[in-house]
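S.K.: I have a structure I would like to understand better, so I am pasting it below and will then ask my questions one at a time.
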Amino acid sequence: MKLPKMNIRKRLIVFGMIWLTICSVALASLLVWHTQTALLIGAAEKSETIAHKLVNASKANIFSGDTEEIKKEIDKIVLGDIIGASLKFDGLLFGNNISKEKAKDLTTSIGANSSLILVNGMRVIKTEIMVSQPGQQTISVSIFLNAENIYEQAKSILWLGYLFLIPMLISFLIIAWILSGKIVSPLQRLSAHIIGKKQLKQDQALLGHEKKDEIDLIFEYCIELEDKLNKKAVAFETVDEKHKAQLRETTESFEGKNIQLANTLESHKKLLLLLSHEVRTPMTALSLHITNLFDSLDLDLTDKQANRVERIKSLAQRIFRLMESVLKFSLQEATHSEVPRVSVDLSNVSKQVIFSLNHLIRGMDVECLIDASVHNKYVFINPDHLEQILLNLVHNSIKQSPPGSKIILSANETDGFIQFSVEDSGLGIDASIKDKIFKGPLKTTYQESNGVGLYICRYLVELHNGSIWFEDNPKQGTTFIFSLPKSDPVNIFSG
């Protein structure tokens, strides 16, 4: 008959009980064996002591030839466990010696002078000593001690051990049942969860079949989970291949668009070069013709007419500067060309800018001052770019400053950079455009402003690894500040 399969908890209990029983029986047997050996050795030592006492007590009688006293000494020791004793001297034998026919040697040695023999089914310790006297014959003494009591004591101890083992095993069974419940409860909960997820399909499928334990259920669930993961992995690989194909298509599309963009930029570059030539030439001629026309006319103009003439000349020059700045800026962005850089004296460029704007300074009735801190300050930049930056900043400050005010140009050195400041006492920057003035062209209400100057300034400053910002003055006006890498006062050209 096939035994039903036990669950994991019962298997743990049975294994533990068998293991503990084997270990306990082996330990008890070992202890009993050691106890029995110790008792046998003690009995052998007792026999040797009795034999020596018999020799000592019989020496005088042996030499005097008093055999009766020798027999009395032997009879005195044959008591209790001592079942026999004999003394042999000069061919004479006294006492009841056990013949070799009755004794069977058990080949068990106990000490130096004792051995275990079997006499009529009884285990006996035979102790034999020989005492030699100078000039006399040897005295041989044999003592026979019953060892059955020793084996009975060992057997009693063994049974006591077994009796102690029974309650110990019962206690272990109780403790193991409680602890096994704690140990296997997670497995039981997991298996119950698996059964619940499968809506008890296992119970329905296992009707009439062997019941499965928690480990079997978890193992089957792991197999199913592995199958699901394999299917997911295959699906993932399919999706991954699909995404890779889409990525390749997108990459090819971007490459095509990049080629189109490169062609467009190249066309843009050619167009800007053409515009740079076609616009600069007539604008230069127009500005010169206007100046020469009014200089050649010897007319007595009224103040109003003279003012209009100056406005026409100023407007033509402003348009020329605007077109020149826009074309330079656009051309550099389109071509990504490197610009030559040298060590530039800020003081000289500042003087040139103020000189070029002198007519506007007089017309606006403002004063432009170069602070002493500007002298002996050098920056590493393209000279035309620096002049363009200062020209835009100072031009804006002049336009925004009230008559009679001052515009101060100053500089200071910090962390390997030169910070150049243009401070005015104008109306300041409107709050609505403070975060936009450097980001692109702005619409402005000022009649002579084109709205691209500050955007160009930011581009040129950053082109030379610098930065630009502005600060509101405590009382009135604005200070524009830009920083550029410091340079030594020598010409250093860079690519």
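S.K.: List pairs: first in segment 456-482 and without any contact (Cβ under 8 Å) to a residue 24 or more places away in the chain and farther than 20 Å from Asp430 by Cα, second of a type in the set (Gly, Ala, Ser) and assigned to a strand (DSSP E or B), Cβ under 9 Å, 6+ apart or cross-chain?
M.R.: Ser467/Ser483
S.K.: Checking the condition modelled with pLDDT of 65 or more, surrounded by 15 or more Cβ atoms within 10 Å (Cβ to Cβ) and not assigned by TED's automatic domain parsing to the domain that holds Met364, which residue from Ile312, Ile290 passes?
M.R.: When all the criteria are applied, what remains is Ile290.
S.K.: Now for a separate question. Sort through Val184, Val119 and tell me the only one that's modelled with pLDDT of 75 or more and surrounded by 17 or more Cβ atoms within 10 Å (Cβ to Cβ).
M.R.: Val119 is the lone residue from the list that is modelled with pLDDT of 75 or more and surrounded by 17 or more Cβ atoms within 10 Å (Cβ to Cβ).
S.K.: So, Lys257, is that one at pLDDT below 85, charged (D, E, K, R) and in contact with a helix residue (DSSP H, G or I) (Cβ under 6 Å, 6 or more places away or on another chain) or not?
M.R.: For Lys257, the condition - at pLDDT below 85, charged (D, E, K, R) and in contact with a helix residue (DSSP H, G or I) (Cβ under 6 Å, 6 or more places away or on another chain) - is not met.
S.K.: Go through segment 445-474 and give me each residue that's at pLDDT below 80 and part of a loop (DSSP other than H, G, I, E, B).
M.R.: The answer is Thr445, Tyr446, Gln447, Glu448, Ser449, Asn450, Gly451, Val452.
S.K.: Let me ask something else about it. Specify which of the listed residues (Ser47, Ser64, Ser86) is in contact with a helix residue (DSSP H, G or I) (Cβ under 8 Å, 6 or more places away or on another chain) and not basic (Lys, Arg).
M.R.: Ser86
S.K.: Show the residue pairs that are 6+ apart or on different chains and have beta-carbon atoms under 6 Å apart, the first residue being within segment 349-367 and surrounded by fewer than 17 Cβ atoms within 10 Å (Cβ to Cβ), the second being of a type outside the set (Ser, Thr, Tyr) and not in a helix (DSSP H, G or I).
M.R.: Note: pairs meeting the criteria are Asp365/Pro403; Glu367/Lys406.
The values are calculated or read from the model by the stated rules, or taken from the named source; none is laboratory data. Small disclaimer: the values here were computed from a predicted structure and weren't measured. Reconstructed Cβ throughout: ideal geometry from the backbone, glycine too, with neighbour counts over all protein chains shown.
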